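Data first, discussion second: the structure below is written as structure tokens.
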Amino acid sequence: MDNRAEIRAFLKSRRDRVTPEQAGLPVYGNRRVAGLRRNEVALLAGMSVEYYTRLERGGLGGASDAVLDALGRALRLDDTERAHLYDLRATASGSARARRGAPARPAVRAGVRRMLDAMPTLPVLVTDQRFDVLLANPLARALYAPAFEDASGKAANTARFCFLSPAARQYYVDWEQIARTSVGALRVAAAKDPYDRALSDLIGELSTRSDTFRVLWGAQDVRVFRDGTKRFRHPVVGRLDLDHETMFLAADDQVCVAVYSAVPGSASEDGLKLLASWAATTGDRASEGSEGSGKSKAPEETDAEG
């Protein structure tokens, strides 16, 4: 797969946002661009204009780590953006590190399933890099009930729910932040696995059906999910402010485990207990669903490795 267009768009978007003043460069006369020119990036990075132009046109495949680090400094990239630049090089046309073949859908190991079963009082959600829900314990299914209901029996996908379901803007108190982070994380995933057909299809679907997604995708921003607080308006128990710890499995960095908890003594802790009671009253319905959408115990998958 040729990712030269992605490289070009990313590097141009990053130099467009850095002003000469921020870079410590003198400004003479009228400028047609607010950001840096190519020759200014080349100067800051210690390379020729011709070489930088070749890089920005997509020729990252043979660039050394030193070159990418110099670009990172010149363009004032943060850690996530630097990692994204390395991912773009790894999958650039002509790179020896370019991946071949589509990645398989990650399987959830038996040990992860047992971990979920051992935490019945906390919502635990396991997703892949496409935001498909691979596994959810009963309390997580109750917390994300609107997303599971929106999936209509298929595997729930929190990105699709965020952008395509009218309920999402009511459900997420900070919907704009969730939306931006989701888009940025999908862009990171797309750079890591450009041969992931399911991921490409999801991005295409969201770009076609959501104007907001299309605009955010065009901004070229990259983000990763970090620990923090998510605020929900749950249709059954009301407002929940939950801290979440986000962990990627050492054996598979495509699989993310998110564990939610409430501050002790808070109204959200009371709400989480109420949610647990509601989940218990739904009985087996809380754990029903298609394969990969949250069944906590599936005998045929118990010994899955991945």
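Residue-level analysis places residue 197 among those that are within 16 Å of residue 254 (Cβ to Cβ) and open to solvent by 70 Å² or more (accessible area, probe 1.4 Å).
Of all residues in segment 162-183, none are buried (at least 22 other Cβ atoms within 10 Å of the Cβ) and touching an Asp or Glu at 6+ places or on another chain (Cβ under 6 Å). Listed conditions (1) modelled with pLDDT under 95; (2) within 24 Å of residue 187 (Cβ to Cβ); (3) among the charged types (D, E, K, R) are all met by residue 32, apart from (2). Remark: pairs (first residue in segment 153-175, at pLDDT below 95; second residue exposed (fewer than 15 other Cβ atoms within 10 Å of the Cβ) and not polar (S, T, N, Q); Cβ separation under 8 Å; 6+ apart in sequence or on different chains) = 155/291. Residues in segment 18-63 that are under 22 Å from residue 78 (Cβ atoms) and among the hydroxyl-bearing types (Ser, Thr, Tyr): 19, 52. Among residues of segment 81-104 that are within 16 Å of residue 190 (Cβ to Cβ), those with a beta-carbon under 7 Å from a residue that is open to solvent by 70 Å² or more (accessible area, probe 1.4 Å) and modelled with pLDDT of 60 or more at least six positions away or on a different chain give the pairs 87/192; 88/6; 93/2; 93/4; 102/197. Conditions: (1) over 26 Å from residue 274 (Cβ atoms); (2) among the hydrophobic types (A, V, I, L, M, F, W, C); (3) over 14 Å from the mean Cα position of the chain (by Cα); (4) surrounded by 18 or more Cβ atoms within 10 Å (Cβ to Cβ). Residue 159 meets all but one. Number of the miss? Going through the list (1) over 26 Å from residue 274 (Cβ atoms); (2) among the hydrophobic types (A, V, I, L, M, F, W, C); (3) over 14 Å from the mean Cα position of the chain (by Cα); (4) surrounded by 18 or more Cβ atoms within 10 Å (Cβ to Cβ), residue 159 breaks only (3). Of the candidates 212, 302, 246, 282, the single residue that is among the β-branched types (Val, Ile, Thr), surrounded by fewer than 19 Cβ atoms within 10 Å (Cβ to Cβ), in contact with a Phe, Trp or Tyr (Cβ under 9 Å, 6 or more places away or on another chain) and at pLDDT below 95 is 246.
Among the numbered conditions (1) open to solvent by less than 50 Å² (accessible area, probe 1.4 Å); (2) over 25 Å from residue 188 (Cα atoms); (3) among the acidic types (Asp, Glu), the only one that residue 270 does not meet is (1). Within segment 215-243, the residues that satisfy the criterion of being open to solvent by 70 Å² or more (accessible area, probe 1.4 Å) and assigned to a strand (DSSP E or B) are 229, 231, 233, 239.
The values are calculated or read from the model by the stated rules, or taken from the named source; none is laboratory data. All values derive from a computational prediction rather than experimental measurement. Ideal geometry is used to build each Cβ from the backbone, glycine not excepted, and the neighbour counts take in all protein chains shown. In case anyone asks, the SASA skips ligands and DNA or RNA and just uses the protein heavy atoms, side chains included. Shrake-Rupley method; radii C 1.70, N 1.55, O 1.52, S 1.80 Å.
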